[in-house]
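Notes follow the structure.
The values are calculated or read from the model by the stated rules, or taken from the named source; none is laboratory data. Fair warning: this is a prediction, and the values are worked out from it, not measured in the lab. Positions of Cβ are backbone-derived with ideal geometry, glycine not excepted, and every protein chain shown enters the neighbour counts. When the accessible area is computed, the model is the full protein with side chains, heavy atoms only, and any ligands, DNA or RNA have been set aside. Shrake-Rupley method; radii C 1.70, N 1.55, O 1.52, S 1.80 Å.
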Amino acid sequence: MEVNYENGLNLKATELRLGLPGSDEPERQTTLRPNKRTLSEISCSGMTDDGNDDRRQSAPPAKAQVVGWPPIRSYRKNCLQAKKDEVEGGAVRYVKVSVDGAAYLRKIDLKAYRSYPELLKALEKMFELTIGEYSEREGYNGSEYAPTYEDKDGDWMLVGDVLWEMFISSCKRLRIMKGSEARGMGCV
Amino acid sequence: MESSELKRSKDSVNSCESARRSSFPDEVLERVLSLLKSHRDRSSVSLVCKDWYNAERWSRTHVFIGNCYSVSPEIVARRFPRIRSVTLKGKPRFSDFNLVPENWGADIHAWLVVFAAEYPFLEELRLKRMAISDESLEFLAVSFPNFKALSLLSCDGFSTNGLAAIATHCKNLTELDIQENGIDDIGGSWLSCFPESFTTLEVLNFANLTSDINFDALEKLVGRCKSMRVLKLNRSVSLEQLQRLLVNAPQLAELGTGLFSQELTIREYEELESALSNCKNMHTLSGLWDATGIYLPALYLACTHLTFLNLSYAALQSVELAKLLAHCPQLKRLWVLDTVEDKGLEAVGLNCPLLEELRVFPADPFDDEIVHGVTEAGFVAVSFGCPRLHYVLYFCRQMTNAAVATIVQNCPDFTHFRLCIMNPGQPDYLTNEPMDEAFGAVVRTCTKLQRLSVSGLLTDLTFEYIGRYAKNLETLSVAFAGRSDWGMQCVLGGCPKLRKLEIRDCPFGNAALLSGLEKYESMRSLWMSACNVTMNGCRLLAREMPWLNVEVMKEDGSDDSQADKVYVYRSIAGPRRDAPPSVLTL
């Protein structure tokens with residue numbers, strides 16, 4: 001399978017983000033992985049292209065980290081930080097979920113679910129969309145939306161490709177793509 | 001007392017002995033005044049006449065000092081000879097947000113030394129934003145044999161060793177309340193320092209601490225302190241341990257749980273549920289770290305009489321909150337995280353008609369991607385269902401003028417309105433206009449307003465409104481707002497009851513600063529940081545007003561003429577002598 005996964009720099013030029021340039025996105029690697037379905041399409045198409053830009057114009061401009069703002073007491077800040085650091089092997093496993101076309105992200109706790117069907121059902125309910133059935137050969141072809149995730153190597157995978165336990169431990173964030181874009185993912 | 005009687009008592013002071021006999025005897029006056037608890041009433045009383053001043057100072061047992069540098073411990077001791085309880089506040093509030101240098105001051109030790117000499121029978125010490133070392137805690141523990149209550153809120157400089165000293169030496173301790181401090185948590189053996197014979201503890205709050213504690217020692221302590229009514233545990237205490245504690249302390253009125261997440265068997269769950277529901281006096285519940293929907297139902301039966309529920313460390317979803325609130329009909333105060341979203345707040349409006357206070361904290365305040373929290377819709381929903389709401393702290397990412405107008409129409413009794421639109425200078429997201437009209441509506445409608453925090457895109461108009469209408473306002477917090485000096489001038493020229501004004505990142509300069517010359521003497525303090533005030537402006541202020549301390553904190557690398565951070569406060573103790581090099585006293 002061809003990997004035309006671009007280096008991080010090009011990504012940032014075309015991607016629609018709200019953070020400041022240079023903030024926190026990790027360098028992505030171009031690696032060939034057998035048995036991994038890679039999402040070549042994501043790198044070129046950007047986050048959203050379906051014209052829901054009216055929501056963007058009322059979204060606040062990119063902001064720098066200001067000292068002491070928002071006014072959260074240090075104690076509470078430290079508690080929040082401790083929670084984030086607890087993710088590895090902890091009792092909770094929060095990941096961000098973005099949906100193409102939605103202005104806001106959400107967070108879910110992966111450990112609250114015990115299997116793929118449970119997770120997918122919850123995502124369908126949360127975002128009010130249909131994801132459809134997964135098949136190993138064809139992925140989510142035929143559905144309006146396809147759930148993908150970024151694993152700890154920085155690769156984007158289709159949800160369902162690996163065993164549930166491995167998914168839980170390696171998933172860093174979820175992105176629910178429009179089905180048309182996901183079609184770019186070839187079969188194994 | 002009637003003014004004619006006052007006059008009579010005043011006149012009687014000046015007349016001869018026989019006339020004195022018919023005036024109000026001192027002992028009776030002292031006895032009557034000893035019933036006065038409010039320190040503001042007592043201040044008023046002390047101004048009536050010399051007799052009353054003396055009677056008041058001899059009968060006062062509790063002193064409240066809102067700014068530790070406004071007075072010296074010697075002056076306090078000279079005026080009030082019979083103090084048994086002291087409340088002291090130190091650093092400016094913006095130190096909570098790292099805007100005050102580390103070693104700024106507010107050290108308690110000098111006070112303790114004077115108290116040890118003048119108030120050997122001191123019983124209570126309540127500190128907020130003070131620096132306190134382990135040595136000071138040890139000194140405290142051994143200097144006051146009658147010591148009963150220690151409360152430390154947002155303090156720093158001490159470790160668990162200091163707590164060990166308190167536990168070891170304070171034989172009559174009834175209260176140990178350690179909240180939100182910068183504490184060096186070395187370990188949990190301090191709990192074992194309470195002697196086996198010790199049984200008087202009524203309040204124990206160590207939720208602040210992160211390390212494991214000696215559970216065995218805790219269990220025994222709780223078991224033998226039969227009068228314990230407040231117990232707030234830290235994260236290290238598990239659900240199973242909680243159950244064991246509760247079985248021996250069903251009389252608890254306030255409970256802070258430990259971690260609310262653990263694998264429990266059905267039997268263990270039922271035991272927990274039973275232990276919780278047996279706490280018939282419980283009116284306050286907090287802790288609940290990492291609580292998820294699975295075990296929250298164990299709380300349902302215990303929530304019937306709950307008046308204060310603090311869920312601000314539990315990232316609940318809307319459905320979980322709704323289910324819980326259905327069991328909390330008596331709730332008056334609720335603190336939540338914005339993970340509950342607007343739907344969760346709708347549930348608040350539906351289930352909690354008696355609600356008076358709501359605080360919504362952000363779960364992801366520093367995330368540069370927008371994570372869904374609460375919006376204006378949630379706040380509006382609460383206002384429709386909770387007409388008694390008078391205290392709100394609300395962190396959100398979007399707000400409209402119309403929504404705020406609706407909110408205050410529904411809840412006109414606000415005394416504390418703290419709205420934080422998290423992106424600085426953000427306008428009404430629907431109309432793109434400034435948020436002036438929102439706060440205009442607040443100050444016009446809420447005549448009882450005492451405390452206001454503003455945010456969003458604001459012009460000077462907001463401050464015109466505040467100056468004109470906020471007649472009872474005592475505390476005002478402003479950030480990233482205003483257009484010119486005029487804004488601040490309006491506030492200083494209006495707001496007759498203003499006591500605390502804290503401003504950051506606003507275009508207010510010397511003209512604004514100096515327009516408040518007379519005002520500052522009737523205020524506790526003024527804070528201005530990252531504004532347009534210069535050193536010359538501050539020097540002028542210091543020169544004109546000898547009863548004010550004007551302190552400037554310089555940042556590294558800033559222009560010499562700029563006064564980066566200014567802290568102005570009235571004081572009868574003169575300029576302080578313990579300021580670090582980064583703080584200039586003018």
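General observations
- Inter-chain neighbour count for B:425-434: the average number of beta-carbon atoms from partner chains within 10 Å of each residue's beta-carbon is 2.
- Across all Cα pairs in chain B, the calculated P(r) in 10 Å bins from zero up to the longest distance comes to 3, 15, 22, 26, 22, 10, 2, 0, 0 percent per bin.
- Per-q log10 I(q)/I(0), segment B:199-274, q = 0.11, 0.19, 0.24 Å⁻¹ (Debye; single scatterer per alpha-carbon; no solvent): -0.25, -0.76, -1.19
- Averaged over its residues, the protein assembly as shown has an accessible area of 44 Å² per residue, based on protein heavy atoms and a 1.4 Å probe.
- Tensor-based shape of segment B:121-170 (alpha-carbon gyration tensor, a/c under 1.5 rounded, otherwise prolate or oblate): oblate
- For the pair residue B:263 and residue B:384, label points projected 7 Å from Cα toward Cβ lie 4.5 nm apart.
- The three principal axes of the C-alpha atoms in segment B:20-91 carry coordinate ranges of 48, 20, 19 Å, sorted with the longest axis first.
- Cα shape, segment B:47-167, gyration tensor, a/c 1.5 rule: oblate
- Cleavage-rule hits, GluC sites (Glu not before Pro), segment B:159-198, DSSP coil, Cβ neighbours within 10 Å at most 13: B:196
- Between the amide H of residue B:529 and those of B:503, B:504, B:505, B:566, distances stay under 5 Å, these residues lying 5 or more places away or on another chain, with hydrogens modeled in the peptide plane.
- Each residue of segment B:425-436 was assigned a 3J(HN,Hα) from its phi angle through the Karplus expression (A = 6.51, B = -1.76, C = 1.60, θ = phi - 60°), giving x, 8, x, 3, 6, 8, 9, 6, 8, x, 8, 3 Hz with x at Gly and Pro.
- Rounded, prolate or oblate (a/c below 1.5 giving rounded, otherwise prolate when a/b exceeds b/c) for segment B:388-537 by Cα gyration tensor: oblate
- For residue B:453, the amide hydrogen comes within under 5 Å of the amide hydrogens of B:417, B:418, B:419, B:477, counting only partners 5 or more places away or on other chains and with H modelled in the peptide plane.
- Centre separation in Å (Cα based) which lies between segment B:278-308 and segment A:145-159: 39
- Sulfur and carbon atoms: percent of accessible area, chain B [1.4 Å]: 52
- Sites listed here are GluC sites (Glu not before Pro) in segment B:57-122 whose DSSP assignment is loop and whose Cβ has at most 16 other Cβ atoms within 10 Å: B:102.
- P(r) tail fraction, the protein assembly as shown - alpha-carbon pairs more than 33 Å apart, %: 60
- Per the accessible-area calculation with a 1.4 Å probe, the total area buried between chain A and chain B rounds to 4000 Å².
- Hypothetical label at residue B:78: residues of segment B:110-126 whose amide nitrogen lies under 16 Å (7 Å Cα-Cβ projection): B:114-115, B:118
- Distant-in-sequence amide H partners of residue B:429 (H built 1.01 Å from N, under 5 Å): B:399
- Extending 7 Å from Cα along the Cβ direction at residue B:146 and again at residue B:560 yields two label points whose distance is 5.6 nm.
- In this structure, the pairs whose alpha-carbon distance is over 22 Å, taken from B:232/B:500; B:226/B:280; B:343/B:448; B:226/B:332; B:91/B:232, are B:232/B:500; B:343/B:448; B:226/B:332; B:91/B:232.
- Averaging the Cα positions of each part gives two centres, and for segment B:524-586 and segment B:326-386 these lie 40 Å apart.
- Which of B:462, B:445, B:339 is most accessible, then next, and so on - probe 1.4 Å: B:445, B:339, B:462
- ³J(HN,Hα), Karplus 6.51/-1.76/1.60, whole Hz, each residue of segment B:115-130, x for Gly, Pro: 4, 4, 7, 9, 10, x, 9, 4, 10, 10, 9, 10, 10, 9, 6, 10
- Using θ = phi - 60° and Karplus 6.51 cos²θ - 1.76 cosθ + 1.60, couplings along segment B:397-402 (whole Hz; Gly, Pro as x): 10, 8, 7, 10, 4, 4
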